[in-house]
1. Given the structure, is residue A:387 within 30 Å of residue A:136 (Cβ to Cβ) and either part of a loop (DSSP other than H, G, I, E, B) or in contact with a helix residue (DSSP H, G or I) (Cβ under 6 Å, 6 or more places away or on another chain) (or both)?
2. Would you confirm whether or not region A:359-366 contains a residue that is part of a loop (DSSP other than H, G, I, E, B), without any contact (Cβ under 8 Å) to a residue 60 or more places away in the chain and either surrounded by fewer than 18 Cβ atoms within 10 Å (Cβ to Cβ) or over 16 Å from the mean Cα position of the chain (by Cα) (or both)?
3. Quick one: would you say residue A:227 is surrounded by 13 or more Cβ atoms within 10 Å (Cβ to Cβ) and in contact with a strand residue (DSSP E or B) (Cβ under 8 Å, 6 or more places away or on another chain)?
4. Are any of the residues in region B:136-149 within 14 Å of chain A (Cβ to nearest Cβ), modelled with pLDDT of 95 or more and in a loop (DSSP other than H, G, I, E, B)?
5. Any residue in region A:130-138 that is crowded, with 19+ Cβ neighbours inside 10 Å and farther than 21 Å from residue A:418 by Cβ?
6. Scan region B:231-278 for residues that are farther than 21 Å from residue B:405 by Cβ and in contact with a strand residue (DSSP E or B) (Cβ under 7 Å, 6 or more places away or on another chain) and jot them down.
7. Kindly indicate the residue of region B:265-278 that is more than 14 Å from chain A (Cβ to nearest Cβ) and over 24 Å from residue B:213 (Cβ atoms) and also surrounded by the most Cβ atoms within 10 Å (Cβ to Cβ) among those meeting that condition.
8. Take residue B:87 and tell me if it is more than 22 Å from residue B:288 (Cβ to Cβ) and either within 31 Å of the chain's Cα centre (by Cα) or not assigned by TED's automatic domain parsing to the domain that holds residue B:111 (or both).
C-alpha cells in the first residue's frame, strides 16, 4: 500500500465508522427520548451488533497495517491526517484490549442498564440497579488493568476522558475547592435566602416549550440544525454540524430547571455546530474531550445564563409567557432567584457555588469504587454520608441520592471531574474573552453571536484537531489556574450574599 | 453445508438483517418525526450505506448457496423455515436485479426526496420536487422491466406490494367502485350537510395530546410497547412486538384529524403488536402485504372509529377535555359530523364514501406515469382534471393536490390500491367477525380487546407466515367480494343522508 492508497483507505474507514456511529447514535437518542419503555432489550441487541462491527473493523489486521503505513510516513502527512491516525491508533489500542464478544456484551449491558436505571431511579430502588452497576464497574476496572497494569485503574479511566488526567492532578484541584469553598458555602447557608416564591407556582409545560424556543433563538441555535427532545436526564447528541440534538425535561413546578437544561445543552450544541466544515464527516468531527465540552456548556449555563444581563434579557420573555406568575418580578429579583445558593441534593440543579462539591463527592466515590475499597452495595450509604459531611444535607432516598445521574449506566466512570474542570476552564476563558469582546453588551443586545464567534475561533472550529490541553490554552490564553474559578465564585457569591 | 448448518446460517442472516433493518428503520422514524430539517443529506448517506450492506449480504453468493441448499431439502423444512426461504429468495431475486451502487444511490435519492417533498408541499412548489419524482419513476420502471420484461411495468410493481395483483384484477374493482359509488356521491353532495360547527373551534394541542392518550387506552395500545410521535404525514413503524411507533399530526382547528390518524395508525400498530412470539426477530415478523395491513388500519379507523357506538364512547372523553367546544353535542351529532361526506381534496381526511375515488385517481395516474403516457411535469394538471371529473372539486394548489401524499417520495408506486383493497377487505372481515364476536357490545364497553383478539387469531399472529391471499381468506371467511364493500357504503350513507 502506498501513501495515496493508505489515505484513501483511511477515508473509506472514516465513511464506514461514520455510518455505524450515526446509526448507533440515532438508536441511542431515540431510546433516551421517544422509544417505548419495553423497546430496550431489542435496541440493546442491535446496538451491540453494530458496535461489534465497529470493533471488528477497527481492530482488524487491515486497520493495523493502515496505521503502520501512515505512521511510517508521518512526515508527509498534513496536520489533519496525522491527528486522525493518532486518534485512530488510540482507539484501536483501546479496543484491542477487549475481545469483540466481551465488547458487544458490554454494549448490550449498558443499553439494558440505562433502562434499569430509569426504572430504579423512579422507584428509588438501588438494589434492582446494583447488579448492573457491579458489572459496569468490573468491566471498567478490568479494562483499565489491561490498558496499564502499572497505574491505578481510576487514573487510566480519567486519562481516557482527558489525556494526562490523573488523581495527582485532580486531588489538589478538589482539595483547593473544598478548602476555599466550604467556608463560603457555610457562610452563605447562614444568610437570608432571596425571594423565590414566584418560582414556586405552576408554569404550564406547553408554555415552557414556547420559552425554550425563545431561549434557543437568543443563543443562536437554529432549529433547522438543532432539534430539542425530552428526556429524563438531559444530554446532547451531535451527529454533524447540521444535526445536533439537545434534550431537556419539563417540570410544571420548575421553570428554571428547563431553562438551564436548555442553556447548558445549548452550549454543547453550539460547540458541535461550530466544528469546521473541513472536519465534517472525519475522525476529527465533533467536540474534543469531555472537560472541554463541559467548559462550553457550563460557560453558557452559568457565566452567561446566570448573569445579570442575561436575566434582564429573559425577563420580558418570561413576562410575556407567564404574566401572572411573573407579576412584580424585576431583573434583579430574577437574577437573585436564579443564583439561590443552598446546599442541596441534585447536582444538575445545584448553584454554581456548591456544584463542584457535588462533583467532588462523585470523584471520591468513583476512586473508591474502582480501587475496590467501596463495594457497590455500600454506595448509597457512603453517598449519603458524604452529602451530610460536605453539604450538610440529609439524602431522603436514592432517587435524590446515588441514583440521580445516568453516567455510570452508560459506562462513564471518570467523567464527572470534567464538569468541575470544565466549569473552572470556562471562568478563565471568560476573562480572556473579555479582552476581545464586549461580552455583556452582546448579552444585553439579546444575541450571543459575538460570544459564540469568539469561542468558535478559539475552540469550536478545531473539532478534535487540537488536543484538549491545546484547546484549554487557546481558550484561557495561558496555563490553567483553578484560582480564577475560586476567586470568581467568592466574588459573585460575596456580592450576592453580602459576605 | 448440511441442513443443520444451513438453518444456523439462516438464523445468523436473520440476526444480521434484523440489526441493519432496525437501524435503518430508526433513522427513518427519527427523520420523519424529530430530526432537524437540515439533517436529511447526512442521514440519507448513512441509510444508503446500511442499505448497501444489506444488498451485498442478500445478493452474495453465500446467500444464494444457502437458499439452494435449503430448497434442495424443502421437504424436511417446517412451514416457518420454508416460508422464510421463500421470502428470502423473492427478496434476493429482486435485489439481484439492481447493482449495489444503483441500489444505494436509490436509497439516498429517496431520503433526499422525502425532505424535498416536505418543503415542496409546504410551499406548494411542484417544480422543485419534479426532478426527484422523475428519478424515482424512472428507477421503478427500470426495475420492473428487469424483473419481468413481458409484463406491463405497473403490474410488476403492483405484484411487489401484493403477490398476484395486476391491472386485470384492479381495473374491474375500481370500475365497480366508480360505477356504483359515483351516483351515491353525487346524491349525497346535493343533500343538506350535518352540523359540524362545533368542530370548527380551537382545540388546543396540549389537550388533544391527552385525548390521544385516552384513544390509545380504548384501543388497547400499551404505551410501554407503542410510542406516539408527530409528523407531517402519519405512518406507523414497527420494529418488534415491544417497539411499535405510531405517528399523528395536531391541528388546533381539527380535533378529528388527530383522532382518526391515531385510530388508523393504531390499527397498523395492533397488527404489528399481535404478531406471534415465535416469529419475533425472524423474516416472518411484522405484518404481511400492504393491503392486509391497510385492511386493519382502515378497519379500526372507519368500521369501528366512525361507528355510532365508538362515538358514544368518545363523547364523554371529548366533553371532559373540551367542555366548551363540545357543549350541546350528543353522540348522534358527533357521529354525523364524523361521517360528513363531501367531495374533498385530501385523501387522508376523506370520508369513507369518497375515499376510494381518491385512491382510484392515484391508481390511474400511476399506471400512466409508469407506462410513460404521463410525463412528470403533467401530473399536477392531470391530477386536477381528475379531481374535477370524479369528485367535482377544484384543486386550488399542489399542496392540496398532487403533493399531499408522501408515498412516491419513498418509492411507493403501486401501493395506493392497497388502501382501497384494504378498506374493502375490512368490511367483509367485519361481517365475518360479527358471527363470532359481540362487536358493538365490545365497543360500547369502551374496550376493543375482543375485536383485536379475533383479528389477532385470524390474521395478526401469523405475521408473514401465510400469504396475503390466505390471510384475506382467513379474515373474510370466504373469497373476496368487493360488493360487500359497495353495499356497506350504500347502506351507511343511505341511512345518514336519507337517500
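1. Numbers: within 30 Å of residue A:136 (Cβ to Cβ): yes; either part of a loop (DSSP other than H, G, I, E, B) or in contact with a helix residue (DSSP H, G or I) (Cβ under 6 Å, 6 or more places away or on another chain) (or both): no.
Judged against the criteria, residue A:387 is not a match.
2. If we filter region A:359-366 for residues that are part of a loop (DSSP other than H, G, I, E, B), which is where we start, we get none.
No, because not a single residue in region A:359-366 is part of a loop (DSSP other than H, G, I, E, B), without any contact (Cβ under 8 Å) to a residue 60 or more places away in the chain and either surrounded by fewer than 18 Cβ atoms within 10 Å (Cβ to Cβ) or over 16 Å from the mean Cα position of the chain (by Cα) (or both).
3. On the way: surrounded by 13 or more Cβ atoms within 10 Å (Cβ to Cβ): yes; in contact with a strand residue (DSSP E or B) (Cβ under 8 Å, 6 or more places away or on another chain): yes.
Here the answer is yes, as residue A:227 does meet what is asked.
4. Filtering region B:136-149 for residues within 14 Å of chain A (Cβ to nearest Cβ) gives none.
No, there is no match, as no residue in region B:136-149 is within 14 Å of chain A (Cβ to nearest Cβ), modelled with pLDDT of 95 or more and in a loop (DSSP other than H, G, I, E, B).
5. Taking region A:130-138 and keeping what is crowded, with 19+ Cβ neighbours inside 10 Å, we get A:132-133, A:136-137.
If we keep only those that are farther than 21 Å from residue A:418 by Cβ as well, we get A:132.
Looking through region A:130-138, at least one residue is crowded, with 19+ Cβ neighbours inside 10 Å and farther than 21 Å from residue A:418 by Cβ.
6. B:244, B:272, B:273
7. The qualifying residue surrounded by the most Cβ atoms within 10 Å (Cβ to Cβ) is B:276.
8. On the way: more than 22 Å from residue B:288 (Cβ to Cβ): no; either within 31 Å of the chain's Cα centre (by Cα) or not assigned by TED's automatic domain parsing to the domain that holds residue B:111 (or both): yes.
For residue B:87, the condition - more than 22 Å from residue B:288 (Cβ to Cβ) and either within 31 Å of the chain's Cα centre (by Cα) or not assigned by TED's automatic domain parsing to the domain that holds residue B:111 (or both) - is not met.
The values are calculated or read from the model by the stated rules, or taken from the named source; none is laboratory data. It should be emphasised that the depicted structure is a prediction, and the values quoted were computed from it without experimental measurement. In this analysis, Cβ positions are derived from the backbone assuming ideal geometry, glycine residues included, and neighbour counts consider all displayed protein chains.
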